[in-house]
Amino acid sequence: MDVWFSDREILMAHGAGGKASRKLMDGLISPILSSHGSPPTLEDSFNVANSEIYITTDSFVVNPRVFPGGTLGELAVNGTLNDLSVSGARPQVLTLALILEAGIESKELQFQLEKIASAAESAGVRIVAGDTKVVEHGSGDGVFVTTTGLGMRHPKALLSAQRVRPGDKVLVSGTLGDHGVTILMARGDLDFTSEYLSSDTANLWPLVDALLSEFGDGVRWMRDPTRGGLASTLNELASDIKAEIEIDEGAVPVSDPVRGACEILGLDPFHIANEGKLVAVVDPKIAQDALSILQQHRLGEKAALIGEVKETDLPVVVCRTRFGAHRTLDMLTGDPLPRIC
Amino acid sequence: MRFVDEYRNPDLILELSSQIKKQVKDRSYRLMEICGGHTHSIYRFGIHELLPENIELIHGPGCPVCVLPLGKVDEALELVQTNDVIFTAFGDVMRVPGSKQDRFEVKARGADIRMVYSPTDALKIALDNPDKEVVFFAIGFETTAPSTALTIKYADALGVSNFSVFCNHVTVGPPLRSIMENEFFDIDGFIGPGHVSTVIGLEPYRFVAEEFFRPIVVSGFEPTDILESILALVRLIDAGKASVENQYIRAVKQEGNLAALEAMNDVFEERPSFEWRGLGYIDFSALRIKDTYSHYDAELRYKVQSISSPEPEGAICGEVLIGMKKPEDCPLMGVTCTPEYPVGALMVSSEGACSAYYTYVHRRSANSRTGVN
């Protein structure tokens, strides 16, 4: 596989989780690594030497570092736990690497560390190794956190895009767009806000554990739709399995404050990041029962069955509107930006 | 959600769709929606799927980001690179590529370019950074022009000196006339722009009915609004009536918004001529800052040199803009021209006809698999 990434420089869009991110990954990172022995595509987590052990890593930068419903510290723990969880692996231990910008207040660092520690503790995960670097003032943006997670495969987990079949159902565990819209508002660039908005950052393992324990290989595939939102996650699946995925727009849960903000700003909730939601593709025979299990859980009260995998081999995501018309739900292009009018 | 869900009521939508299907006669109806917001809604809600086959929707020139000529983008980028300024612009303008580079690339190299949601945000940045010059890149039709005008008046009242406006506001009437004067003009009726009409009212469309004998129905942006307007147009066309109608009565008044019009008149005057992307030069189709407020004119302050950049080869934006061709007729569609790497004007903004078509329809059509994405 050759390098085909042709963009002259790295732009913010390359980190937004949409098409540009995929291009950076597929066109530059994967080709170079795979030509030296790595797997052809890098997944969010990797099953080490076909054993029961999964490993994943993730870096976290967020502005602001404290926002309604969460903090950088909680994101850094939950994000990595969730990458393991949706691979079907029970998180066991984490490592923690900090890059600190000189000048950041010790009090803030203490606050974020306490958030990191308590998020890990409440997930039953220990932080066992780490590293700290300090860069000059102006060379970083406060605090950058990298966490690496190790997990053990759930004994009943058999998750893979290759197991997804036409007719399989698509479930989401709750409302979409909460985290991304909360962050957009918390930045204070827009002259309006809502006291009803709150990030959904959460450790998804309990929800995943409940699903896998009950239905085992009836659960085919899972992801947490973070940057780029549900649209990007489903488009990646559609292109991996080379099949159409149809979503029923009316069934997708979106809270009123998020809908309202998206209507005003001209954003699509399907493109907005989530930090405590999962998408699962399941065997149609267990879809209703799986939905009930999700809904019984605190993290999945608003779970919904939102669509299904179709027979057609065109790798697109199609959204059926409430009155039966259709639109293609594309991946995010660039950063989500408000429209002019 | 109130004021939204009522207008997306599936029963009402299907009822309107069936009324339209019953109303149409055995003839074709070529309807142009002037506003990019309508184009976006039509594709987002799949409204074209609810219409009988003999109604054809043609996407007009009302996408303010799309019609901005490449030369103006190049002028803006030149201004940013040769002057130590904080440059501010609306969100979706940020994505418009110039002929050599786009704003995001310039920003990645360290230029201070910031997204604002309103020109008053740009003024606030100027007040917060008294030692820096702040430029606002003003674009848009009469929809956004009043807020720019009021911001300039406000800056003047406060005596702010480190703020200026690179004014590229345009007006909706002249391009409409230009389309109708084209020898290939073949449109039976217009879905009139909603937002811009809240400012200018209905009077400026009189010529559409009186000189060109076409009906125009000013419309809201929700599915029921657009379908109701299409139904009204079909009835008017069948009755052979050319008139100016207002479907968007909850927002648009006959006389428009007098306070907004007054602010515009105070601050702006017509430019003798202005270049439109895809349409060429149109007389008296844009606004510039009057002498009274010339101290806020970035063109004068930074001696902006006019740059004319040719349109990319092979693109058929101009013909799509006047309704002669459809986005899917363009050989570049989805091949070299995509929302990620827009070549032509109409792919630039999510309101552009080609971007809307690409995003919501193209990838589902069978021939799309030759595309780069």
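When you scan segment B:52-101, how many residues do you find that are closer than 17 Å to residue B:221 by Cα and surrounded by fewer than 21 Cβ atoms within 10 Å (Cβ to Cβ)? Even if it seems obvious, please write down each step before you answer.
As a first pass, look at segment B:52-101 and keep what is closer than 17 Å to residue B:221 by Cα: B:57-64.
Cutting the leftovers down to surrounded by fewer than 21 Cβ atoms within 10 Å (Cβ to Cβ) gives us none.
The qualifying residues number 0.
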Do any residues in segment B:137-152 that are at positive phi have Cβ atoms under 8 Å from those of residues that are assigned to a strand (DSSP E or B), where the two are at least six apart or on different chains, and which pairs are they?
B:140/B:90; B:140/B:169; B:140/B:170
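From the list A:116, A:104, which one is free of Cβ contacts under 8 Å to residues at least 60 places away in the same chain, over 28 Å from residue A:239 (Cα atoms), outside the structural domain of residue A:182 (by TED's automatic domain parsing) and not in a loop (DSSP other than H, G, I, E, B)? Reasoning before the result, please.
Working: A:104 fails: not in a loop (DSSP other than H, G, I, E, B).
Answer to the selection: A:116.
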Scan (1) in contact with a strand residue (DSSP E or B) (Cβ under 6 Å, 6 or more places away or on another chain); (2) at pLDDT 85 or above; (3) within 14 Å of chain A (Cβ to nearest Cβ) for the single condition residue B:85 breaks and write down its number.
(3)
Quick check on residue B:39: is it within 21 Å of residue B:237 (Cβ to Cβ), within 14 Å of another protein chain (Cβ to nearest Cβ) and of a type outside the set (A, V, I, L, M, F, W, C)?
yes
Of the numbered conditions (1) in the same structural domain as residue A:220 (by TED's automatic domain parsing); (2) buried (at least 22 other Cβ atoms within 10 Å of the Cβ), residue A:145 fails exactly one; give the number of that condition.
(1)
Condition first: of a type in the set (D, E, K, R) and farther than 15 Å from residue A:57 by Cα. Now tell me which residues in segment A:108-164 satisfy that.
A:108, A:114, A:115, A:121, A:126, A:133, A:136, A:141, A:153, A:156, A:163
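Please state which one of A:8, A:22 is free of Cβ contacts under 8 Å to residues at least 12 places away in the same chain and among the basic types (Lys, Arg). Walk me through how you get there before you give the answer.
Working: A:22 fails: free of Cβ contacts under 8 Å to residues at least 12 places away in the same chain.
Exactly one residue qualifies, and that residue is A:8.
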Residue B:312 versus (1) buried (at least 23 other Cβ atoms within 10 Å of the Cβ); (2) in contact with a strand residue (DSSP E or B) (Cβ under 9 Å, 6 or more places away or on another chain): which is the lone unmet condition?
(1)
Using beta carbons and a limit of 7 Å, which pairs, at least six apart or on different chains, have the first residue in segment A:271-300 and more than 17 Å from residue A:247 (Cβ to Cβ) and the second one among the charged types (D, E, K, R) and assigned to a helix (DSSP H, G or I)?
A:293/A:214
Of all the residues that make up segment A:6-40, how many are in a loop (DSSP other than H, G, I, E, B), in contact with an Asp or Glu (Cβ under 8 Å, 6 or more places away or on another chain) and loosely packed, with under 15 Cβ neighbours inside 10 Å?
2
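Just for segment B:115-152: of the residues that are of a type in the set (Ser, Thr, Tyr) and more than 11 Å from chain A (Cβ to nearest Cβ), which one is surrounded by the fewest Cβ atoms within 10 Å (Cβ to Cβ)?
Going through the qualifying residues, I end up with B:151.
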Can you tell which of B:328, B:319 is within 14 Å of another protein chain (Cβ to nearest Cβ) and outside any loop (DSSP other than H, G, I, E, B)?
B:328
If residue B:49 satisfies every condition in (1) more than 11 Å from chain A (Cβ to nearest Cβ); (2) surrounded by fewer than 19 Cβ atoms within 10 Å (Cβ to Cβ) but one, which is the exception?
(1)
Here is a list of conditions, (1) modelled with pLDDT under 95; (2) closer than 24 Å to residue A:87 by Cβ; (3) out of contact with any Leu (no Cβ under 9 Å at 6 or more places or on another chain), and residue A:194 meets all of them except one; can you say which number that is?
(2)
Which numbered condition residue B:20 misses (of (1) within 19 Å of residue B:195 (Cα to Cα); (2) away from chain A (no Cβ under 12 Å); (3) part of a helix (DSSP H, G or I)):
(1)
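The values are calculated or read from the model by the stated rules, or taken from the named source; none is laboratory data. Owing to the predicted nature of the structure, the values given are computational and were not obtained by experimental measurement. Every residue, glycine among them, receives a Cβ derived from its backbone with ideal geometry; neighbour counts consider all protein chains shown.
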